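One structure is given here, and the rest of the page talks about it.
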Amino acid sequence: MPKVSVVTPAYNAEKTIANALNSILNQIEQDFELIIVDDGSTDNTEEAVMQFKDKRIIYYKTHHQGLVGARNFGNGLTNTDVIAIMDADDLSFPRRLEVCLKEIEKGADVVVHGAYTNFWDSQYNCITRSYIPPGNPKDLEALKKGQHLTGWPVFRKEVWTKKPFRYETQYAYDYSMHVDWIMSGYKYSAIDEALYEYVRHQNSASQVFEKDGRRAESMQKIKEILKEYAKS
């Protein structure tokens, strides 16, 4: 059994997924499986994946079910005790899996870490790059106010099994994920190091969800979830 499963949902990601997959294949820690969930793509995502002949890559194509559906589906297919989130348009730095697995081995249930955000600024016609810290998992007041923890954790599979990603908050699942896991008492480790490159562009899911108001709707539902936790 590999040490870690990297799960990557992909929807019309033909232009970016090769770089994402190469960033995993170039990890220092090589004992992994890489599960690709093609969420009903209508472009050449499948062809972009199939150019890789590495046996650790496992490809599934499903009907289009959305990001959370694809993530939950992919997590359910894993053959390991540890799962790493990986998006089809982002990059993992070579030390990512190695560093996070060491924290898991020390007893952490969930590992969050820093990242660089890479964003095309259309106003100035340039790419801006800045560091995003992992956030403080112990800061419950910040948790109640909004998402302050990075959304690309590495975690024990049993955490997700007991608290899977919520469909009702799918446009802000990365926030509700941490709400559920922290309020359930899981042990976090925060690594203040950039181990990931978060690439934002006009077609990024986060950008689209913010612009059309869907993320705001999910954020409102998370406030209701927080109230339920406060009662218990």
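The values are calculated or read from the model by the stated rules, or taken from the named source; none is laboratory data. Small disclaimer: the values here were computed from a predicted structure and weren't measured. So basically every Cβ, Gly included, is an ideal-geometry build from the backbone, and we count neighbours across all protein chains shown. The accessibility values were calculated without ligands, DNA or RNA, using every heavy atom of the protein model including side chains. Shrake-Rupley method; radii C 1.70, N 1.55, O 1.52, S 1.80 Å.
Quick look at the numbers
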quantity	calculated
Segments classed as strands (runs of 3 or more DSSP E), wholly inside region 22-99, with at least 2 members that are within 15 Å of the chain's Cα centre (by Cα) and surrounded by 16 or more Cβ atoms within 10 Å (Cβ to Cβ)	32-39, 82-85
Where a residue in region 218-232 is over 18 Å from Gly185 (Cβ atoms) and in contact (Cβ under 8 Å) with a residue 40 or more places away in the chain and its partner, wherever it lies, is charged (D, E, K, R) and surrounded by 11 or more Cβ atoms within 10 Å (Cβ to Cβ), with Cβ under 6 Å and at least six apart	Lys221/Glu168
Pairs with Cβ under 9 Å, 6+ apart, first in region 172-193 and surrounded by 19 or more Cβ atoms within 10 Å (Cβ to Cβ) and outside any helix (DSSP H, G or I), second small (Gly, Ala, Ser) and modelled with pLDDT of 95 or more	Tyr186/Ala108; Tyr188/Ala108; Ser189/Gly107; Ser189/Ala108; Ala190/Gly114; Ala190/Gly135; Ile191/Gly114
One residue from Gly146, Gly107, Gly135, Gly114 being at pLDDT 95 or above and more than 16 Å from the chain's Cα centre (by Cα)	Gly107
Test result for Gly107, at positive phi and in a loop (DSSP other than H, G, I, E, B)	yes
Inter-residue pairs, beta-carbon under 8 Å, first in contact (Cβ under 8 Å) with a residue 24 or more places away in the chain and open to solvent by less than 10 Å² (accessible area, probe 1.4 Å) and in region 140-155, second aliphatic (A, V, I, L, M) and part of a loop (DSSP other than H, G, I, E, B), 6+ apart	Leu143/Leu149
So Gly107, is it open to solvent by less than 40 Å² (accessible area, probe 1.4 Å) and under 17 Å from Val159 (Cα atoms)	yes
Matching residues, region 121-136, being within 12 Å of Arg200 (Cβ to Cβ) and exposed (fewer than 14 other Cβ atoms within 10 Å of the Cβ)	Asp121, Ser122, Ile127, Thr128, Arg129, Ser130
Qualifying positions in region 178-193 - hydrophobic (A, V, I, L, M, F, W, C), closer than 28 Å to Gly66 by Cα and touching a strand residue (DSSP E or B) at 6+ places or on another chain (Cβ under 9 Å)	Trp181, Ile182
